[in-house]
Amino acid sequence: MLAYVTLGSNDKDKAVEFYDAVMGELGGQRVFANDRLQFYGTGPGQPMIAIGGPYDGEAATVGNGVMPALGCKTGNPRSLPGGKPLAPVGLAAALAAAGSFHQACSGALAETI
């Protein structure tokens, strides 16, 4: 179910140097990178870890830069059979379970979606 986890760093180059050594010993390797993140994994379909700066561009802190990502059912990760987008389906499940979106997450997050 877990697709990947990001760990924020204020010095991506040093963090990547560290995780290159650690992940190599754990059987992992670099699998994907972009301007902000370096992803490590052990193979196709396996959970990954990503190291880099937070999405909002602010400093990495205890909570800023850390993000778990949940995997989806088989098929296109952006839609369900018939082209139905996953985000509204996931939101509907969260609303049913939590009662309201504001109970499921902070009001600030709700305003950005």
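FYI, it's all coordinate maths here, none of it is from the lab. As the structure is a computational prediction, the values presented were derived from the model and not from experiment.
For the pair Asp11 and Arg36, the difference between a 0.36 nm per residue extended length and the Cα-Cα distance amounts to 7.9 nm.
The tail of the calculated P(r) for the range 1-45 beyond 18 Å holds 24 percent of all Cα-Cα pairs. Once the Cα-Cα distance is subtracted from the 0.36 nm per residue extended length, the Leu26 to Met67 segment shows a gain of 12.6 nm.
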